[in-house]
Structure formats: C-alpha cells, structure tokens
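Laboratory data are not the source of any read-out in this text; all were calculated from the coordinates shown. Everything numeric in this text was worked out from a predicted model, so none of it was measured. Cβ placement follows ideal geometry from the backbone for every residue including glycine, while neighbour counts extend to all protein chains displayed.
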Amino acid sequence: MLNYASIDVPFNLRHTCWFCGEPSHQELTFPIQESDYITHMPLAIPACDECRIIAKGTANVMRAPESIYDLKLQVKNALMKRYAKHLGIGENWTKEELEETTLDGTAFKGFTDSAWAMYEIAKQRADFNGWDLYVDGMELDILDDTYAFEFEGKKFASFDSAVEFFLRAESLNKYLFEGLVDILGQGRFAYALKIGRLYTGVSRREANEILEEIATQEADRKQMLSQEKLHNNLKRIDAESISEVDIDGVSVPAEAIGWAMSRSINNLEKLEQSEDAFFEQHEHLGGVGAFHLFNGLQVYLHARTNIDWALEQDPNHELWIK
Ligand SMILES: [Zn+2]
C-alpha cells in the first residue's frame with residue numbers, strides 16, 4: 001500500500017476539484033495503479049466525481065501519466081473532448097450575438113440562455129488551473145515537463161487532439177479539415193482552421209477542389225520561401241535610415257531601395273536577375289504598382305552608375321558602401 005500524501009488545500013478552495021474547480025467530496029490517489037511509475041511522491045488530490053473517473057481511465061485510454069501535471073493535461077483534454085460542443089458555442093458565437101438572436105423572438109430564448117450558461121461552465125472547468133502543490137506547508141518541487149500543443153489559449157495533449165477538438169466543437173467538415181491539416185501541417189494550423197470554418201457544408205467534390213487549390217498555394221509558397229532563402233543572405237539594413245529618392249520626377253520609395261539593398265542588388269544586372277523574385281514579393285501591390293516600383297529601382301540604379309551623382313546627390317550613398 002503506497003503512502004499517499006494529501007496536498008494542502010487553501011481555505012477558500014476547500015471541497016474543490018484540483019483539476020476543474022467543481023465541487024469535490026473525495027480524493028483521487030495518484031499514481032492510479034500502485035505499480036505505475038511516477039516522478040514524484042504518491043499524492044492524494046481533491047477531485048470531483050467526473051475528473052476522478054476520467055483520471056482512473058487515463059492509463060487505458062492514453063498512457064499512464066508520469067506526473068500530476070501530465071495527469072492534469074490528460075484530464076483537461078478528456079473534459080474538453082467531452083464538452084467540445086459546449087465550448088464550441090463560445091467559438092462560434094459571442095454573447096452579444098446570442099443575445100441578439102433572443103431579441104428576434106422567443107423561440108430561441110431558452111436555447112440561447114442555457115447554451116451560454118453551458119459554455120461558461122465548460123470554459124471555467126477547462127480554464128481552471130488548480131493551485132500550487134504543497135504538502136504540510138512544503139512546496140512540492142515537481143517539474144512540469146508535459147508537452148502541449150497550444151492554440152488560441154487552449155492546451156492540447158497532442159496536435160491530433162486539437163484537430164479532433166475543433167472538428168467537434170465547430171462541427172467542421174471532417175474530410176475537408178483533415179485534408180487541410182495534412183497539407184498545411186501543425187505550423188499553419190490557424191490557416192487550416194480559417195478555411196475549415198469557411199466551408200463547413202461542402203460536398204466531397206467541392207472539398208476536393210478546395211484541397212487542390214490549397215495544395216497548389218502551399219507548393220507555390222514553399223517555392224517562394226526557398227527562393228527567398230536563396231537570395232537571403234539578407235543584409236540587415238536599418239529601414240528608418242533609408243531615404244526616398246527622387247530622380248527627374250520618378251520617386252523611388254525607401255521600401256524598394258531597402259529591398260534591393262538588403263539583397264545586395266546594387267546594379268542593373270543584378271536587378272534584372274532578381275526580377276521574378278521582385279514581382280512575386282510585390283504581387284500584393286498589383287501589376288501596375290509593382291511595375292512602378294521596379295521601374296523606380298531601375299532608374300535609381302542607373303543613376304548610381306554616375307559616380308558623381310552617387311557621391312553628391314544620393315542620400316543613401318553611405319548605406320550602399322557599408
Ligand atoms: Zn473535476
């Protein structure tokens with residue numbers, strides 16, 4: 001029989017579940033199975049019935065938690081999964097929006113009032129962060145080295161559990177969203193979610209079209225990034241110190257000059273070689289805007305071939321020869 005040390009409970013938190021903040025009348029003993037390995041002394045923690053049952057099941061569903069923080073993350077995730085639909089109310093609506101729908105008529109009233117209350121309860125439980133762990137007044141020195149995928153303020157036990165959570169919480173199109181996640185990966189989860197939220201009611205065929213487009217987009221983006229990297233022994237240039245230049249009525253904005261300078265593009269030949277990269281990176285300005293900038297750079301670099309002009313008239317001359 002292990003010797004479980006009861007954690008200290010602050011006076012204002014008596015009978016409170018350490019995991020979720022709900023009322024608690026019992027303690028959970030941890031490790032769950034006496035034979036489980038844990039990284040610290042065996043503990044007894046106040047827990048509500050629901051969290052206690054979830055905790056006892058963790059080893060079967062996932063893996064035996066090795067520390068109390070590990071256990072907490074798993075319990076929280078199980079709660080989030082269970083109450084994903086409730087939590088989703090807050091993802092999909094604001095309180096004001098829900099209140100506005102109640103103004104439209106009485107039909108919604110009951111639904112929205114209780115919906116918001118359910119959301120708030122679920123959110124409070126998901127956000128509750130327990131309290132610091134002490135036993136007999138001594139702080140426990142337990143390292144919290146749990147890995148969590150954090151997104152929009154939520155901590156998920158893994159990336160997959162985040163995907164699953166948003167699928168449920170927001171009733172996303174499973175086929176489309178999982179496809180997006182495959183293409184965009186963990187690093188671009190926000191973008192996957194943005195697209196997934198836009199197209200919840202699409203057919204398989206429409207989803208395939210969207211996925212195809214995103215895949216193309218992503219391939220282009222990767223190619224551009226690698227091109228950029230190639231160009232990139234980007235020199236660090238203080239953008240503030242660059243001045244706009246005006247040559248015979250053609251104005252060359254400081255940003256364009258900074259773009260060339262940081263890539264060591266200091267003559268017309270190098271500018272020509274970088275033409276494609278320039279237009280890709282200035283696509284957002286539209287064709288005419290980008291061309292205007294490029295032309296400005298051509299005029300400027302041409303002017304700089306005149307040493308006298310460069311020395312006497314170019315306010316950026318010092319920066320070029322740095
Ligand atoms: Zn609880």
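Taking other Cβ within 10 Å of each residue's Cβ, how do Ser264, Ser161 sort, fewest first?
Fewest-to-most Cβ neighbours within 10 Å comes out as Ser264, Ser161.
Which FRET efficiency, nearest 0.05, do Glu96 and Leu198 yield, Cβ-Cβ r, R0 25 Å?
My answer for the efficiency is 0.70.
Tell me, what ³J(HN,Hα) does each residue in region 169-178 have, in order and in whole Hz, if you take phi through Karplus 6.51 cos²θ - 1.76 cosθ + 1.60 with θ = phi - 60° and put x for Gly and Pro?
Running phi through 6.51 cos²θ - 1.76 cosθ + 1.60 with θ = phi - 60° gives 4, 10, 6, 6, 6, 4, 4, 5, 5, 5 Hz.
Counting other beta carbons within 10 Å of each residue's own, what order do Phe165, Phe294 fall into, fewest first?
Phe294, Phe165
Given H placed on each backbone N at 1.01 Å, which residues far from Phe151 in sequence or on other chains put an amide H within less than 5 Å of it?
Long-range HN contacts for Phe151: Phe156.
Which whole-Hz ³J(HN,Hα) couplings does region 16-23 yield from phi under the Karplus relation 6.51 cos²θ - 1.76 cosθ + 1.60, θ = phi - 60°, glycine and proline marked x?
Ordered by residue, 3J(HN,Hα) equals 10, 5, 5, 7, 10, x, 6, x Hz.
Taking the Cβ of Asp160 as the centre, find all other residues whose Cβ is under 15 Å away and add up their charges (Lys, Arg: +1; Asp, Glu: -1).
+2
Counting only other residues whose beta carbon sits under 11 Å from that of Ser6, what net charge do I get with K and R as +1, D and E as -1?
Value of the local net charge: -3.
A 28 angstrom limit on the alpha carbon distance is what I want to check against. Which of Lys56/Lys95; Lys76/Lys222; Lys56/Lys85 exceed it?
Check vs 28 Å cut-off fails for Lys56/Lys95; Lys76/Lys222.
Long-range amide H contacts for Thr16: which residues qualify at under 5 Å (H placed 1.01 Å from N, peptide plane, sequence gap of 5 or more or a different chain)?
Ser24
Using 0.36 nm per residue, how much length does the chain from Ser241 to Ala190 gain when fully extended, once their Cα-Cα distance is taken away?
Additional length available on full extension: 14.9 nm.
In whole Hz, with x marking every Gly and Pro, tabulate ³J(HN,Hα) for region 303-309 from phi via Karplus 6.51 cos²θ - 1.76 cosθ + 1.60, θ = phi - 60°.
Listing the rounded values in order: 4, 6, 5, 8, 4, 4, 4 Hz.
Tell me which of Ala122, Leu176, Ser158 sits at the most positive position along the dipole axis of region 115-190, charges placed on C-beta atoms (Lys, Arg +1; Asp, Glu -1).
My answer, from the dipole projection, is Leu176.
In debye, nearest 20, what is the charge dipole magnitude of the chain about its Cα centre with +1 on Lys and Arg Cβ and -1 on Asp and Glu Cβ, if you could check?
Roughly 1160 debye, rounded to the nearest 20.
Whose amide H sits under 5 Å from the amide H of Leu43, counting only residues 5 or more places off or on another chain, with H placed in the peptide plane?
Ala5, Phe30
Starting from the Cα of Leu311, step 7 Å along the direction of its Cβ; do the same at Gln124; then give the gap between the two resulting points in nm.
Placing both labels 7 Å along Cα→Cβ, they lie 7.8 nm apart.
Give the lysines whose C-alpha is closer than 16 Å to that of Lys322, dropping any in the same chain fewer than 8 places away, or say none.
Cross-link targets: Lys235.
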